[in-house]
Each structure stands twice: as structure tokens, then as C-alpha cells.
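Heads up, the thing below is written out as C-alpha cells.
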Amino acid sequence: MYKNIAALGAAIFALAIPLSGAPAAGAPAPDWNGPVPPDKIVIDVVTVNGSGCPQGTAAVAVSQDNTAFTVTYSEYTAQVGVGAEPTDFRKNCQLNLKVHVPQGFTYGIAQADYRGFAHLQAGATALERARYYFQGMSPTEFVDHTYKGPLNDDWQATDKTEVGAIVYKPCGEFRNFNINTQLRVDAGTSDPKKTTSFITMDSVDGNISTTYHFAWKKC
């Protein structure tokens, strides 16, 4: 079945590579943009837990212009029906990241873009849920995006925080950044004994990833 996608690599890693979703040259700056640190940003994956991201199946990459970072998964699929295990209807992933911030700067997350593919039979539904927070601070509310069958197409969801509501890491404090995501599928009125429905944040070739847009400010 679809969940048997080859893993991206043997270990979780952090790289600095261009993002396909980076703004084009000359494009207007987003309204959350402050002064972007000129030094290279490095993100270390401290821990990874969850049925949607077994060890070695999630990768983190920072954009060259320091405005965003991506997370790419290779085995993040929730499914029901033929070929699915009873627990496959729900998958989750919790990432704990250490963002090395240049001196004199701090950051928040202004926007998160989630992408994937969904194959839903008529009567089936799917859900993508996410929240994030700094260690020791209150998490954001879960933001849900739902999809209804019949559907056999790419999906994309954007969670955007108003400028005045962006939560920044306290200046001078060492707090890791946590990302908590979930995928769920409900067979609904479809027949799980004869059909299969799934939603995925998987990427076979690394072209599909979630993107988190930094909001920078000086301390």
C-alpha cells in the first residue's frame, strides 16, 4: 500500500538548502518580516516521536535567506480500509527542534504551510491538525483542516498568525521549538472492507514539504 514509501534517509538531518516556496526576487516582503539575521541559521533535531515519523523519516532544511525552514516526511500517511492496520487511521508527529539564533535576534512563527496528497472515497473524511510552541510556554490552539471524499488530489493548508499575535522566543533564553501535527482518516459511509482512503504528508522525492515562515525581530 501507499504507506510503504521508501524512507528519505537513515537519519534525521538538518541542512541549509533553497526552498522551492521561497519568494521570488523583487517580490513584496511579507508584513511580518523584520530584520533578518545575516548569519547562517542552523536547526538541530533534538527528538522526534510519533507514528507518523519513525526514526529516519523526517528531514529539516533551512532556506538560504533565513526566512523559513521546511520539514519533509517520507512515511507520514493515515489510512483506513483494505490493507490498513486498525491503528493506521491516525498518525502523529512531535518534533523538538533547537534553532541556533544569532546573537541579538529572536524569532516566532508567522505562517505554516502544510501540503500533501489525499485519496478519499465518497463518504470518507480526513483531517490535518497542527500546533507549535516554545518549550515551557503555552502551546498554540490546534488548527484543523478537513477534507471530504470523493477526493483524489493534492491538498494544501495554511495557518497564519496575525502580526500582533505572533509569539516570540524570549530573548536570551534557551527554549526548544516544538511542532505537533496529526493526520486522521474516517471511513464514514464508505465501505472499508472494499475500499481504501488515505491522507499523507509523505514525499517520495523531497518536493512536498511543510514550510514554517520565521518572523524575526531584534532583541
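The values are calculated or read from the model by the stated rules, or taken from the named source; none is laboratory data. Computed from a predicted model, the values in this text were never measured in an experiment. Glycine gets a Cβ as well: all are built from the backbone with ideal geometry, and neighbour counts include every protein chain shown. Ligands, DNA and RNA are excluded from the accessible area calculation, which covers all protein heavy atoms including side chains. Shrake-Rupley method; radii C 1.70, N 1.55, O 1.52, S 1.80 Å.
Here are the numbers for this structure:
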{"quantity": "Accessible solvent surface per residue of the range 128-172, calculated while the other protein chains remain in place, 1.4 angstrom probe, Å²", "calculated": "63 Å²"}
{"quantity": "Karplus (6.51, -1.76, 1.60) ³J(HN,Hα), θ = phi - 60°, over the range 174-185, in Hz, Gly and Pro reported as x", "calculated": "9, 10, 6, 10, 10, 10, 10, 10, 9, 10, 9, 9"}
{"quantity": "Amide H partners (placed H, <5 Å) of VAL42, local residues excluded", "calculated": "HIS100"}
{"quantity": "Furthest towards positive pole of dipole, ALA157, THR189, VAL143, structure part the range 140-206, Cβ charges", "calculated": "THR189"}
{"quantity": "Contour excess over end-to-end distance, with Cα ends at LYS40 and GLN55 and 0.36 nm allotted per residue", "calculated": "2.8 nm"}
{"quantity": "Most to least accessible of HIS119, HIS100, HIS213 (protein chains only, probe 1.4 Å)", "calculated": "HIS100, HIS119, HIS213"}
{"quantity": "Heavy-atom accessible area per residue - the range 72-115, 1.4 Å, Å²", "calculated": "35 Å²"}
{"quantity": "Kirkwood Rh (inverse of mean 1/r, distinct Cα pairs), the range 99-175, angstrom", "calculated": "14.8 Å"}
{"quantity": "Heavy-atom accessible surface of the range 76-208: percent carbon and sulfur, 1.4 Å", "calculated": "49 percent"}
{"quantity": "Separation between Cα centres of the range 162-219 and the range 76-96, rounded to whole Å", "calculated": "15 Å"}
